[in-house]
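Beneath this line is the structure, given in structure tokens, with notes to follow.
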Amino acid sequence: MIRPTLPFLAALLTLATPAQAVVGGSEAPGAALARSSVMVLSSRGGVCTGIVLARDVVLTAAHCAAPGAEHRVHFRDEQGEPVLLGVAARAVHPGYDAGAIAGRRRSIDLALLRTDTALPARFVPAALAEAPVAAGTPLTLGGYGVARPGDHRSTGTFRTATLPLVEPYGPSRILVWLKGASASGACEGDSGGPIAGAGGAVLAVTTWASGAGKGSEKSPCGGVSQGVLVAPQRAWIDRTTAGWGAAPRWE
């Protein structure tokens, strides 16, 4: 457990008060997904979400944990006080390409973090899903990101939104896309968060979101939410976590 240093204190100061309503979603701090989720903070001020796979292992997006900055796993204790855990080991997927979106290239935007201190027992390791799902299937996206684009002080409350799976480019063996009828979905701070099926098992990790609307009404979030499927990356996940003495649960 670490006391906040100045770079991380700057990130913590954005996690102020809960907001009404992931964008277009609803607050769900007591949901099962929330008990399997933490925050990942960067010394550069970045805020992301992470998925608990073991008491000392967190799965997140690679762009949330790439080398070049210090990272901490953050949660609040039973008294509501902020807690920061140091990162003892980090593994970025070898298929991650930081310039993939701009260059329209393939990228596996995943990373695993091993904390230097175990998370409290109230955190429940998430189950990971291997079975594919069909277009139109409702999936639940969760994260600690902003409730409104640009409103960084609305970060820090776990929210969820249930959206149908869409396939704009045909079925993918790597990615999954979600899009609802109204402007809702992932936004700043939700990267690294869970995308889960009806049974609660995590199908994918949120990595990117597009804006909604047009012209002057266009918002930076609320369009398509994208995630990296975990099942195709099972060998890397299992191999990495085994090296740390952990074994994720698959369903």
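The values are calculated or read from the model by the stated rules, or taken from the named source; none is laboratory data. Just so you know, these numbers come straight off a predicted model, no measurement behind them. Cβ sites come from the backbone with ideal geometry, for glycine too, and all protein chains shown count toward neighbours. Heads up: the accessible areas ignore ligands, DNA and RNA and are worked out on the full protein's heavy atoms, side chains in. Shrake-Rupley method; radii C 1.70, N 1.55, O 1.52, S 1.80 Å.
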What about V228, is it open to solvent by less than 30 Å² (accessible area, probe 1.4 Å), in a strand (DSSP E or B) and closer than 25 Å to A118 by Cβ? no
Can you pull out every residue in segment 152-171 that is open to solvent by less than 40 Å² (accessible area, probe 1.4 Å), farther than 17 Å from L229 by Cα and at pLDDT below 90? S154, T155
Of the numbered conditions (1) touching a helix residue (DSSP H, G or I) at 6+ places or on another chain (Cβ under 7 Å); (2) surrounded by fewer than 17 Cβ atoms within 10 Å (Cβ to Cβ); (3) not hydroxyl-bearing (S, T, Y), P138 satisfies every one except a single condition; which is it? (1)
Boolean, R106 is among the basic types (K, R) and outside any loop (DSSP other than H, G, I, E, B): no
Any residue in segment 179-200 that's under 15 Å from A129 (Cα atoms): show its pairings with residues that are among the small types (G, A, S) and open to solvent by 20 Å² or more (accessible area, probe 1.4 Å) at Cβ separation under 6 Å, as long as the two are six or more apart or on different chains. G200/A32
Do you know which residues across segment 22-55 are open to solvent by less than 30 Å² (accessible area, probe 1.4 Å) and modelled with pLDDT under 85? V22, V23, G25, A28
Could you please find all residues in segment 95-116 being open to solvent by 50 Å² or more (accessible area, probe 1.4 Å) and under 24 Å from R55 (Cα atoms)? R114, D116
If only one of A127, A235, A204, A147 is small (G, A, S), in contact with a helix residue (DSSP H, G or I) (Cβ under 6 Å, 6 or more places away or on another chain) and either crowded, with 19+ Cβ neighbours inside 10 Å or modelled with pLDDT of 95 or more (or both), which one is it? A147
